1. For T37, list long-range residues whose amide hydrogen, built 1.01 Å from N in the peptide plane, is under 5 Å from its own amide hydrogen.
2. Out of the GluC sites (Glu not before Pro) in the range 26-97, which ones are loop residues according to DSSP with at most 15 other C-beta atoms within 10 Å?
3. Using unit Cβ charges (K, R positive; D, E negative) and no other charged atoms, how large, in debye to the nearest 20, is the dipole of the chain about its Cα centre?
4. For a Förster distance of 22 Å, can you work out the FRET efficiency between the beta-carbons of T189 and K143, rounded to the nearest 0.05?
5. If ligands, DNA and RNA are left out, what is the accessible area of L170 with a 1.4 Å probe, given in Å² to the nearest 10?
6. Can you tell me the FRET efficiency between L170 and R90 if r is taken as the Cβ-Cβ distance and R0 is 30 Å, rounded to the nearest 0.05?
7. Given the Cα atoms of the range 105-210, and with Rh set as the inverse mean 1/r over their pairs in the Kirkwood sense, what is Rg to Rh to two decimals?
8. Computed FRET efficiency, Cβ-Cβ of F196 and W18, R0 25 Å: what is it to the nearest 0.05?
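The values are calculated or read from the model by the stated rules, or taken from the named source; none is laboratory data. All of these numbers come straight from a predicted model, not from anything done at the bench. Neighbour counts are summed over all protein chains in view; Cβ atoms, including those assigned to glycine, are modelled from backbone coordinates with ideal geometry. The accessibility values were calculated without ligands, DNA or RNA, using every heavy atom of the protein model including side chains. Shrake-Rupley method; radii C 1.70, N 1.55, O 1.52, S 1.80 Å.
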Amino acid sequence: MLEEIFSELRKHYDPDSWWPAESSFEVAVGAVLTQNTNWNNVKKAINNLKELGALSPLGVLNLEEHQLLKAIRPAGFYTRKLMTLREIARFFLEFNPKEKTEELRNKLLSLKGIGKETADSILLYAFEKPVFVVDAYTLRFLKRYGLEIRMNYNGVQSLFHKVFPVDAGLFKELHALIVEHSKALCRKTPRCRECFLKKCKKAPKYGAFR
Ligand code: SF4
């Protein structure tokens with residue numbers, strides 16, 4: 001069923017499946033800063049770091065605490081994010097890119113402030129590792145579709161790793177298609193009447209699609 005869904009989505013959307021960044025470290029910084037905020041706020045914080053010449057692991061670590069706080073303030077939750085950015089900066093100075101994906105993932109998950117979605121975003125978009133990123137859009141969309149799977153992070157990720165070839169480019173594309181559809185039609189209040197996917201078992205009643 002998942003293959004059919006994505007084949008339909010591909011007919012309607014052609015989203016960018018890349019992460020807007022100039023370096024793998026910038027991807028990781030973006031993945032941390034985007035927690036609980038929108039991308040416009042992240043862009044402001046990243047631009048502040050660029051203006052300070054601090055968008056690098058050493059750059060982040062060498063900034064005074066008050067400078068770093070001021071730079072990332074637009075992204076919110078800045079005290080917590082400051083701690084996580086420093087952890088990520090140290091990780092980038094020490095990690096071995098040849099390490100197995102699972103080992104890198106475990107190391108990322110051991111850092112303060114890094115959960116599964118952030119760790120997997122870094123693995124996929126910064127390091128091109130083939131891991132499917134499960135975000136709130138993905139869980140909402142699949143739940144409405146009524147797929148009979150465990151609707152938690154691990155359950156959804158395992159399903160994608162089983163159904164599709166384990167490939168970084170493909171996982172980026174699938175994620176981008178879900179995001180695109182979730183912004184266009186399968187919104188918080190879904191626009192089911194306009195939707196080309198008509199087989200949702202659990203579409204909310206306020207968005208009745210029949
Ligand atoms: S029919 Fe409604 S709930 Fe189903 S994918 Fe489309 S917008 Fe979402």
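1. The answer is none.
2. Those satisfying the criteria are E64.
3. Dipole of the chain, to the nearest 20 debye: 1220 debye.
4. After rounding to 0.05, the efficiency reads 0.90.
5. Probe radius 1.4 Å; accessible area of L170 about 30 Å².
6. E(calc), rounded to 0.05, equals 0.40.
7. Dividing the radius of gyration by the Kirkwood radius yields 1.01.
8. Values: r = 25 Å, r/R0 = 1.01.
Efficiency at R0 = 25 Å is approximately 0.50.
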